[in-house]
1. Among His48, His161, His114, which one shows the biggest mean-square fluctuation in a GNM of the chain, springs joining Cα atoms closer than 10 Å?
2. Which loop-located trypsin sites (Lys or Arg not before Pro) does segment 49-139 contain, where loop means any DSSP state but H, G, I, E or B and the Cβ has at most 14 other Cβ atoms within 10 Å?
3. Counting only Cα, what are the radius of gyration and maximum Cα-Cα distance Dmax of segment 86-171, in Å?
4. Would you please state which residues of segment 49-90 a label at Ala158 would reach in this model, taking the label point 7 Å out along Cα→Cβ and a backbone N cut-off of under 19 Å?
5. Once you have a ≥ b ≥ c as the square roots of the Cα gyration tensor eigenvalues for segment 38-78, tell me rounded if a/c is under 1.5, and otherwise prolate or oblate according to whether a/b is larger than b/c.
6. Calculated FRET efficiency, Ile62 and Arg148, Cβ-Cβ r, R0 22 Å, to nearest 0.05?
7. Checking a compactness column here: for the chain, what do you get for Rg(Cα) / (2.2 N^0.38 Å), N being the number of residues?
8. What number, rounded to the nearest 500 deg cm²/dmol, is the helix-based mean residue ellipticity at 222 nm of the chain, given -39500 (n - 2.57) per DSSP H run of at least four residues and division by all its residues?
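No value in this document is a laboratory result; all are computed from the given coordinates. Worth saying up front: this structure is predicted, and the values here are computed from it rather than measured. Here the Cβ positions follow ideal geometry from the backbone for every residue, glycine too, while neighbour counts run over all protein chains shown.
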Amino acid sequence: MFAAPRSVDHRRRSLPQPTRNGMPTFEARVALATTAEQLFDYIVHPAHLAGIMPPETPLEVIESPERLELGSQLVVDLDGFGPTQRLTYEVTAFEEPVSFTETMISGPLGAWVHQRRIVPGEELVELVEEVNFEPPSGLAGLLLTAPRIEASLTSGFAHRHRRLRELLEAK
């Protein structure tokens, strides 16, 4: 099922060209030695976010439920792109333990939709993360371009996936 077991594959898809919904898409994959249930349970707890974020883009959870579910809202402060940015996400799709999607409802970008899918294999579980985004408009869009967002996503997801491996495979 997996091309290279335990591989981390961070790739862009259709950047900077638009996807079918007109937004650039970024995809990252990681295969982990855990179960779909353990992985899903870990990533739907917002308290775990700070522990997997890269140090150059620290994140603070301001408001959230203990565990995400359909309709949950998550408010975070994110640093690393100039002044601290407040972002609000809503869980717009939720199928346990298979997938969930967070959609930004307030924040600096034009749009942000982050889908996580868990694909079980014989020995490993693959986490597929797809982000559809739209850079901000106006002056902010001159600085925070699709290629800059993509570069940040590439390094950020590489770090997050390393941390998930350290935390979940140690159990």
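1. His48
2. Filter output for segment 49-139: Arg67.
3. Looking at segment 86-171, its Cα Rg and Dmax stand at 15.1, 49 Å.
4. Zone members listed by number: 52-58, 80-81.
5. Working: a/c = 2.83, a/b = 1.32, b/c = 2.15.
Oblate is the answer for segment 38-78, as a/c is 1.5 or above yet b/c matches or exceeds a/b.
6. Efficiency for this residue pair is about 0.35.
7. Relative to the rule-of-thumb radius for its length, the chain sits at 1.00.
8. Result for the chain, helices only: -7500 deg cm²/dmol.
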